[in-house]
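Data first, discussion second: the structure below is written as structure tokens.
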Amino acid sequence: MNEKLISVKTWLEEHRNQTVLIRKEEQDDWDETRVQLEGVEYIENVETIDDYAEGSSLILHGPGSVINEQGEIPLPQSTFQIYVDGLSECRVEEGTLSMKTERANYLISVIP
């Protein structure tokens, strides 16, 4: 794990048992997900059938929901996957984490 990834994982671990709001920008589209963070796991070389999330990932464990125009839709497996290959930027502040990967930009903040 590189230094940026360690910083991201450490920040997330420090905010276990708190609710975080994840804003993800991918191909000019924004998604928002709320997660009651219970744990964080790093997995190298995650393989999937559709190749969408193949590669190294941080898995956020805990109940949550995707927020969209129709309201909130529960996460199906109480996990949220952040694909971290190509992590090129990372900024850690007290209540906010921002990061840029090959696929997306993320802004993660603690919800009081």
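Numbers for the structure displayed
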{"item": "Alpha-carbon centroid distance for the pair segment 68-112 / segment 2-42, whole angstrom", "result": "4 Å"}
{"item": "Residues Leu75, Leu12, sorted so that the one with the fewest Cβ neighbours within 10 Å comes first", "result": "Leu75, Leu12"}
{"item": "In Hz, Karplus ³J(HN,Hα) per residue of segment 97-112 (6.51, -1.76, 1.60; θ = phi - 60°; x = Gly, Pro)", "result": "10, 10, 8, 10, 10, 4, 9, 7, 9, 10, 10, 10, 9, 7, 9, x"}
{"item": "Magnitude of the charge dipole, the chain, Cβ model with Lys/Arg +1 and Asp/Glu -1, debye to 20", "result": "400 debye"}
{"item": "Linear extension gain, Lys100 paired with Gln70, 0.36 nm per residue minus alpha-carbon span", "result": "8.0 nm"}
{"item": "The chain: most fluctuating residue of Gln36, Gln70, Gln27 per GNM, C-alpha cutoff 10 Å", "result": "Gln70"}
{"item": "Chain lengthening between Ile43 and Asp29 when straightened (0.36 nm per residue, less Cα-Cα)", "result": "2.5 nm"}
{"item": "Local net charge near Thr101, Cβ-Cβ under 12 Å (Lys/Arg +1, Asp/Glu -1)", "result": "-1"}
{"item": "Length-normalised contact order for the chain - Cα pairs under 8 Å, 6+ apart - percent", "result": "26 percent"}
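We did not get these values from a lab; they are worked out from the coordinates using the rules stated. Here the structure is a predicted model, which means the values were calculated and not measured. Please note: Cβ atoms are built from the backbone with ideal geometry, for glycine as well, and neighbour counts cover all protein chains shown.
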